[in-house]
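One structure is given here, and the rest of the page talks about it.
The values are calculated or read from the model by the stated rules, or taken from the named source; none is laboratory data. Just so we're clear, the structure is a prediction, and the values are computed from it rather than from any experiment. Reconstructed Cβ throughout: ideal geometry from the backbone, glycine too, with neighbour counts over all protein chains shown. Protein only, heavy atoms only, side chains kept; ligands, DNA and RNA dropped before computing areas. Shrake-Rupley method; radii C 1.70, N 1.55, O 1.52, S 1.80 Å.
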Amino acid sequence: MEKNRRSKNLQVAALVTRRENAEIVALLGGRDSSEPGFNRALDAVRPIGSLIKPAVYLTALSSPEKYTLSTMVEDTAIKVDGWSPKNYDHREHGVVPLHKALEHSYNLATVRIGMDVGLIQVANTLLNLGVKREVELLPSLLLGSAPMTPIEVTQMYQTLAGDGFVTPLKAIREVVAGDGKRLQR
């Protein structure tokens, strides 16, 4: 019963795109479609959390002389400007291959890698992935303190799915007049 009461207040946003052409095929902007105005998929700005980690690792992998998928990285305690991030499981995992740190979403390894490659470089990778929103260059950026909308996150992942080519998301395929005549495609 308690679970049902809490779920009544939960909201949702979802976007589904076609990888090959960045066409939005489904968009859900909230739980109650009768509420006009605010569309959570387009307007809700929230910190993106671990969704940012592929950008951190992509930045590192852009320097193959230093980082590869098999490069050993430390997932051990780190303190940056008075900030002491923790792993979700509150454990340190020692020295692990980079691919394992990404696969398991290890925060400590991600922060170490991100600080090594530089916050500016991570921000540039976000820009190259199609993110237009400015991000604060704080160490917490590496764990997703950057606020974005679901459509901005979708654009970032669309670029990853599109083999690194930024293809702007599109929702309108064509404009048709009332008589069925195609006005624009």
Revision key, fill the gap. If amide H atoms are modeled at 1.01 Å from N in the peptide plane, then the residues at a separation of 5 or more from Ala146, or on another chain, having amide H under 5 Å from its own are Ile48, Gly49
Practice item. With mean projected area of the Cα convex hull in nm² in mind, check (1) 14.6; (2) 16.4; (3) 9.2 and report the label derived from this structure. Key: (1)
Check your understanding: Using a simple spin-label model with points 7 Å from Cα along the Cα→Cβ vector, what separation in nm is obtained for Asp43 and Asp89?
Key -> 4.1
Check your understanding: Tilt of helix 119-128 relative to the longest C-alpha principal axis of the chain, in degrees (0 to 90, nearest 10)?
Key -> 30
Check your understanding: Relative to the longest principal Cα axis of the chain, at what angle does helix 150-161 sit, 0 to 90 degrees, rounded to 10?
Key -> 70
Revision key, fill the gap. Diffing region 80-97: the Karplus 3J(HN,Hα) column from phi (6.51, -1.76, 1.60, θ = phi - 60°), in whole Hz with x for Gly and Pro, holds 10, 6, x, 9, 10, x, 10, 6, 4, 8, 6, 10, 9, 10, x, 8, 9, x
Check your understanding: Restricting to lysine pairs 8 or more places apart or on different chains, what number in the chain have Cα atoms under 26 Å apart?
Key -> 13
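For the chain, what's the relative contact order in percent, using C-alpha pairs closer than 8 Å and at least 6 residues apart? Please report the intermediate quantities before stating the final value.
On the way: 277 pairs, mean separation 46.9, N = 185.
Answer for the chain is 25 percent.
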**Study point:** Residues of region 10-136: accessible area per residue with a 1.4 Å probe, Å²
**Key:** 60
Review point. Longest span of the chain, sites excluded, free of GluC sites (Glu not before Pro) in DSSP loop with at most 10 other C-beta atoms within 10 Å?
Key: 66-133
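Over region 84-185, with every protein chain in place, what whole percent of the accessible area is carbon and sulfur at 1.4 Å, could you tell me?
Details: 3210 of 6010 Å².
Roughly 53 percent, rounded to a whole number.
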**Study point:** Exposed-loop-free span, longest in the chain, where chymotrypsin sites (Phe, Trp or Tyr not before Pro) count as exposed if DSSP calls them loop and at most 16 other C-beta atoms lie within 10 Å
**Key:** 89-164
